[in-house]
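The values are calculated or read from the model by the stated rules, or taken from the named source; none is laboratory data. Since the model is a prediction, treat every value here as computed from it, not as a measurement. When we count neighbours, we look across all protein chains shown, and the Cβ atoms used for this are built from the backbone with ideal geometry, even at glycine. Keep in mind that these areas ignore ligands, DNA and RNA; they rest on the heavy atoms of the full protein, side chains included. Shrake-Rupley method; radii C 1.70, N 1.55, O 1.52, S 1.80 Å.
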Number of protein chains: 2
Amino acid sequence: MNNADMEALARVVMGRIFIPLEASGRHVHVTEAQARALFGHGLTPKRPLSQPGQFLANERVTVMGPKGKLDNVAVLGPERKEGQLELSLTDGRILGITPPIRPSGNVADSPGCILSGPQGQVALPRGVIAAQRHIHMTPADAAQMNVTDKQVVKLQVYTARPLIFEDVLVRVSPDFATFAHLDYDEANACGFTQGDLGRIVT
Amino acid sequence: MNNADMEALARVVMGRIFIPLEASGRHVHVTEAQARALFGHGLTPKRPLSQPGQFLANERVTVMGPKGKLDNVAVLGPERKEGQLELSLTDGRILGITPPIRPSGNVADSPGCILSGPQGQVALPRGVIAAQRHIHMTPADAAQMNVTDKQVVKLQVYTARPLIFEDVLVRVSPDFATFAHLDYDEANACGFTQGDLGRIVT
């Protein structure tokens, strides 16, 4: 084999064992109506995210809670059917909100907050959560790694401060790319840096 | 056995298996000369900490780094032979300092910062670290749990977001009480709340 073939093979072997890690900062999802109220128009893409079709918007908001506010918070597109604020427990202390640990989209009985944009404010009656750590996975990778949608696994991370996360939710969809998502508390707790890898362990 | 006996027995059994967890917030250690420069006098105790002889001081400082500052930072006593600032990686981002992950007291080649108190400022030429997660342990508990001073172990934590910390440093001394110390990134990553327990696993 030549070097290019070796590298391609190595990448395939690595992909069958390891899962790339990503740190998700605090961010907001909004509906179309909320985007118009906040910005006067729909979301506009600044750059694509690792998950196909998802993007970081040019638009930003200030989030206000009972004890404080967070400026310049990222908004992710495209618009959704319900607004949602995903933050870390550290962020929650700043706002004075204790977010429940939830899979994205599971917002029943969660606390709300105020979003403020250049064109107006929007009250989210609910939707403030700390995203449960999770792995987005393609069906092919899920089959390869022998896991199924909604399975809860342990994820060993090979980082500066190595640890094994329990209670990691696997989400499988043909719309996904395979990445494990940590929030910034989790990323800092394991000393994550760009390019670090994890592995499902039993 | 009566209830009091049962409870005493349960406590002994628990203590042979489980280690109480504590979250350490950002804090500063100073020398006697630094305390005088910052406050005009030595440190005065506000309340005792879990480690025998250690106390939270009434005195507080502002810490300044190249990108930002942290107000109202706790100072722990008694005074030490060298100043040290222990913070989380999240705190480091605010200051614009990347602290190395180190056992307390291991400050060679670490970055510095400025401390500001009501009576003056002090430049720490070095000593800004993120404390390596660690377990303080009495010799009796270390013998019971079959570990020795400076051993690195895995610590499984029974918390809201359970995980297994690797690279946890055991420190054994007759001057210690047995507690595992996490920083706030680690505490939030595992969903720690007061009273949570951990266990050394292999």
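With respect to (1) within 14 Å of chain A (Cβ to nearest Cβ); (2) within 30 Å of B:Val30 (Cβ to Cβ); (3) surrounded by fewer than 21 Cβ atoms within 10 Å (Cβ to Cβ), the lone exception for B:Gly191 is condition (2). Inspection of region A:124-145 identifies no residue that is more than 14 Å from chain B (Cβ to nearest Cβ), of a type in the set (S, T, N, Q), touching a strand residue (DSSP E or B) at 6+ places or on another chain (Cβ under 6 Å) and more than 24 Å from A:Leu43 (Cα to Cα).
In region A:1-60, the qualifying residues are those that are acidic (Asp, Glu) and open to solvent by 40 Å² or more (accessible area, probe 1.4 Å), and the one that is farthest from A:Leu85 (Cα to Cα) is A:Asp5.
Here is a yes/no grid of residues against (1) of a type outside the set (Gly, Ala, Ser); (2) at pLDDT 95 or above; (3) within 21 Å of the chain's Cα centre (by Cα); (4) within 22 Å of A:Leu197 (Cβ to Cβ):
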{"site": "A:Glu7", "(1), (2), (3), (4)": "yes, no, no, yes"}
{"site": "A:Val13", "(1), (2), (3), (4)": "yes, no, no, yes"}
{"site": "A:Ile17", "(1), (2), (3), (4)": "yes, no, no, yes"}
{"site": "A:Ala23", "(1), (2), (3), (4)": "no, yes, yes, yes"}
{"site": "A:Lys69", "(1), (2), (3), (4)": "yes, yes, yes, no"}
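When region B:64-85 is filtered for residues that are over 19 Å from B:Asp109 (Cα atoms) and either among the small types (Gly, Ala, Ser) or open to solvent by less than 10 Å² (accessible area, probe 1.4 Å) (or both), the ones remaining, listed by number, are B:Gly68, B:Val73, B:Ala74, B:Val75, B:Gly77. Quick check on region B:86-97. Is at least one of its residues loosely packed, with under 13 Cβ neighbours inside 10 Å and away from every other protein chain (no Cβ under 14 Å)? There is no residue in region B:86-97 that is loosely packed, with under 13 Cβ neighbours inside 10 Å and away from every other protein chain (no Cβ under 14 Å).
So B:Gln119 passes all but one of these: (1) open to solvent by 60 Å² or more (accessible area, probe 1.4 Å); (2) under 19 Å from B:Ala189 (Cα atoms); (3) among the polar types (S, T, N, Q). Which condition number does it fail? Result: B:Gln119 fails condition (2) only.
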